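All remarks here apply to the structure that follows.
The values are calculated or read from the model by the stated rules, or taken from the named source; none is laboratory data. For clarity, every value in this text was computed on a predicted model and none was experimentally measured. Cβ sites come from the backbone with ideal geometry, for glycine too, and all protein chains shown count toward neighbours. When the accessible area is computed, the model is the full protein with side chains, heavy atoms only, and any ligands, DNA or RNA have been set aside. Shrake-Rupley method; radii C 1.70, N 1.55, O 1.52, S 1.80 Å.
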Amino acid sequence: MNVANKVVIVTGSGKGIGRAIAEEYGKRKAIVIVAEIDASAGQEVEDTIRHHGGQALFIRTDVTNEDSIKQMIKKTTETYGPVDTLVNNAGITIFKPIEDCTLQDWELVMNTDLRSVFLTSKYITGIMKENGGGSIINIASNHVHATLPDTEMYAAAKSGVVGFTKSLALSLGKHGIRVNAVCPGFMDTYHYQNWLSNFDDQAFIQKEVDELHATQKMGNPQEVANVCIFLSSNLVDQMTGSCITLDGGLSTRLYHSKYA
Ligand SMILES: NC(=O)c1ccc[n+]([C@@H]2O[C@H](COP(=O)([O-])OP(=O)(O)OC[C@H]3O[C@@H](n4cnc5c(N)ncnc54)[C@H](O)[C@@H]3O)[C@@H](O)[C@H]2O)c1
């Protein structure tokens, strides 16, 4: 799975899953563009990758802003040449009852989680075509398979990402550009640890969460990074239009019962 010297853009890579993805590409000697809105988080990831001998450049990017995306891609190609891999990872969640959701909430979730995927793809496609191919990886969610109350905006945006992925894969296959989605489930990120810290009996809640999974444990951002490396590698030239679910079997189960 050789990704050395490949130019790889990872959006939202200052924290969480995106950071794990960026650092894994860095360890494997790719040239990593940390396309992140939070300047201190983005700079820290660039510094960490460089500190470990890798190549990275933080470019402050707001994926809800078309000009910001165009500038980030322009700076990337001017500095390092054509882009080999684009990982659309940046995403937000707003979970609340539908009556409390505002149009601004809807637009923020859609613009961050879905419209951004349209815009980055639109501006990267010509570069990848000219370069003879490339790989686009969209981080969706297991909410596209099975979801929860009060998550309508997120479930809709991520389902849109998977539909978009499939159509784009068909459009770009003849140009050697592969487009795939990854659908993670519960991941042990700082968000999760924050949520867990609200409970008095954290060990009990953790056990309950773990037992939702066929594997009896929740996921780790490192595994999402491993899947991205695999998807962008030359081991899987025939893999496009796929959606890889990484949720320990959580969304495979029909229902939860102490008897099954
Ligand atoms: N954490 C999970 O359990 C989980 C599960 C399934 C899917 N996902 C998806 O994985 C992706 C990463 O999730 P995470 O939990 O690591 O999130 P996170 O909040 O920990 O990190 C998201 C990063 O994106 C950045 N970001 C936010 N808005 C941005 C914008 N407009 N432009 C550029 N960067 C922006 C943030 O600053 C942050 O660094 C998201 O798309 C999310 O929906 C996460």
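Need the failing condition index for residue 230 against (1) assigned to a loop (DSSP other than H, G, I, E, B); (2) in contact (Cβ under 8 Å) with a residue 24 or more places away in the chain; (3) away from the ligand (no atom under 16 Å from the Cβ), just the number.
Going through the list (1) assigned to a loop (DSSP other than H, G, I, E, B); (2) in contact (Cβ under 8 Å) with a residue 24 or more places away in the chain; (3) away from the ligand (no atom under 16 Å from the Cβ), residue 230 breaks only (1).
Just the residues that are assigned to a helix (DSSP H, G or I) and hydroxyl-bearing (Ser, Thr, Tyr), please, taken from the stretch 94-132.
Selection gives 112, 116, 120, 121, 123, 125.
Check whether at least one residue in the stretch 169-176 is open to solvent by 40 Å² or more (accessible area, probe 1.4 Å) and within 16 Å of the ligand (Cβ to nearest atom), and report yes or no.
For the stretch 169-176, residues open to solvent by 40 Å² or more (accessible area, probe 1.4 Å) and within 16 Å of the ligand (Cβ to nearest atom): absent.
Cβ-Cβ under 8 Å, sequence separation 6+ or interchain: first residue in the stretch 106-125 and within 14 Å of the ligand (Cβ to nearest atom), partner acidic (Asp, Glu). Which pairs?
Correct list of pairs: 119/66.
Which helices (runs of 4 or more DSSP H) does the stretch 1-82 wholly contain that include 1 or more residues that are within 16 Å of the ligand (Cβ to nearest atom) and open to solvent by 70 Å² or more (accessible area, probe 1.4 Å)? Talk me through it step by step, then tell me what you get.
Working: elements: 16-27, 39-51, 66-80.
Answer list for the stretch 1-82: 39-51, 66-80.
On the given criteria, is residue 91 surrounded by 15 or more Cβ atoms within 10 Å (Cβ to Cβ), under 14 Å from the mean Cα position of the chain (by Cα) and outside any strand (DSSP E or B)? So that I can check it myself, show each step before the final result.
Values: surrounded by 15 or more Cβ atoms within 10 Å (Cβ to Cβ): yes; under 14 Å from the mean Cα position of the chain (by Cα): yes; outside any strand (DSSP E or B): yes.
When the stated conditions are applied, residue 91 passes them.
Would you check if there is a residue in the stretch 147-154 being open to solvent by 10 Å² or more (accessible area, probe 1.4 Å), in contact with a helix residue (DSSP H, G or I) (Cβ under 7 Å, 6 or more places away or on another chain) and near the ligand (Cβ under 10 Å from one of its atoms)?
Yes, there is a match, as at least one residue in the stretch 147-154 is open to solvent by 10 Å² or more (accessible area, probe 1.4 Å), in contact with a helix residue (DSSP H, G or I) (Cβ under 7 Å, 6 or more places away or on another chain) and near the ligand (Cβ under 10 Å from one of its atoms).
Would you point out the residue of the stretch 214-238, among those that are open to solvent by 50 Å² or more (accessible area, probe 1.4 Å) and touching a strand residue (DSSP E or B) at 6+ places or on another chain (Cβ under 8 Å), that is farthest from residue 177 (Cα to Cα)?
Checking each candidate, the answer is 220.
Step by step: first the residues of the stretch 184-213, then only those that are open to solvent by 40 Å² or more (accessible area, probe 1.4 Å) and part of a loop (DSSP other than H, G, I, E, B), then the one that is nearest to the ligand (Cβ to nearest atom). Which residue is that?
Filtering first and then ranking leaves 186.
Those residues that are within 20 Å of residue 216 (Cα to Cα) and among the aliphatic types (A, V, I, L, M), I need them from the stretch 165-193; list them, please.
Selection gives 187 alone.
Which numbered condition trips up residue 181, out of (1) within 15 Å of the ligand (Cβ to nearest atom); (2) in contact with a strand residue (DSSP E or B) (Cβ under 6 Å, 6 or more places away or on another chain); (3) assigned to a helix (DSSP H, G or I); (4) small (Gly, Ala, Ser)?
Of everything listed in (1) within 15 Å of the ligand (Cβ to nearest atom); (2) in contact with a strand residue (DSSP E or B) (Cβ under 6 Å, 6 or more places away or on another chain); (3) assigned to a helix (DSSP H, G or I); (4) small (Gly, Ala, Ser), residue 181 misses just condition (3).
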